[in-house]
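Laboratory data are not the source of any read-out in this text; all were calculated from the coordinates shown. A quick note: this is a predicted structure, and the numbers were derived from the prediction, not measured. Cβ: placed from backbone, ideal geometry, glycine included. Neighbour counts: every protein chain shown.
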Amino acid sequence: MPDEPSSSPFADHIDGRHSTYHAPVLGKGVLNYHVAPVPAAEHELAARIHRWIKREVQARALENPSPIRITLSTTDRRVQARADALMPSASEYGEDSEARLELKGDVTQVAELVRGLHRRQLVVLGDPGTGKSVTALLLAWQWLESRRPDEPVPVLLPLSSWRPGVDLRAWIVRQIMQMIEPRPARVRRSRLRPDAVERLLDDQRVMLVLDGLDELPAPVRAQAVKAIDQEAIGHTHLVVTCRGREYQAVVNRTNNFFTRAAVVELEPVRLDAAHDFLLGSYPEGGGRWEEVFDDVWARSGTPLEEVLANPLTGGSWSSSTTLTPAGCCARPGRHTSSGTCGCRSG
């Protein structure tokens, strides 16, 4: 019999032709693990990555005071692995079943989403500006804030600096070493030497969060997908972000895809979500942002409305109180719905 519906905040389920499979969520208290002592190198890696991620979240004001509401759900594109590869229990519905894993939630729940997946592998798709990099960063942050001893350390790496001609494992080790940046005077005392990082990778104590598959040249993306998928064998935790159209092109052209990963797609940021996020940085009343949104809501479909829907840009506005669409130098309240302002400096 299928498992009972889980209490996860996600509506995780597999819809079959005649049945519904509810994916179990492996949250706190669900399974009892024998937790081995944490190696010193892993402890040091977690501490350093946590400090790095915290600085990034603060610099982008992503929790100022709470993350922007970016919703996500299983993609409609036919690029996801079969249900029986993602949730083995789905095979009980038979080969002719049209079972499919369906996920739904928002970026504040993405860490729990990954925890609930049998393979712990996820591909996040989205159009330009929908918040793929924000989602990857918030995932790493949420995971670290709630990480249990049996769970790996998330490491966020930009794929733009890698090419499939370069050994992926060697590139990952170099990127991690550059990220933690041990000072020369401390290198001898640091337990995070390249060989220690390799051992952590071998022991699957690192979650790979690889941002920006679409930033690789188009001719090498299929090769990149194959190399990453091979690196992430076994129980390796993996998250990859990519633009939806580019990933679909790879799958359609070459049949290369992430064979153990669920695939979700970010939905466009709603204007009310951008409103709540930006005004959350101000006292009651919202300052000049209220004037900006009043103007935008009065005239839908303007360039400024499109700019406001970019979560990354929204974070920088929140921290700097400066709005600069299309190179404009104005402060909030001086913009019109056309995305221009009356205070151009020339």
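Points worth noting:
- Label-to-label distance, nm, for residues given as Arg82 and Asp272 (7 Å Cα→Cβ offset): 4.2
- Gain in span if fully extended, Ser146 to Glu290, counting 0.36 nm per residue against the direct Cα distance: 48.4 nm
- Karplus (6.51, -1.76, 1.60) ³J(HN,Hα), θ = phi - 60°, over segment 259-264, in Hz, Gly and Pro reported as x: 6, 10, 10, 6, 10, 10
- Across segment 39-52, coupling constants 3J(HN,Hα) worked out from phi with the 6.51/-1.76/1.60 Karplus curve, θ = phi - 60°, read x, 4, 5, 5, 4, 5, 4, 4, 5, 6, 5, 4, 5, 5 Hz, and Gly and Pro carry x.
- Burial ranking of peptide ranges 236-243, 47-54 (average Cβ count within 10 Å, highest at the top): 236-243, 47-54
- Residues whose placed amide H lies under 5 Å from that of Val239, excluding near-sequence neighbours: Leu122, Leu208, Val209, Leu210
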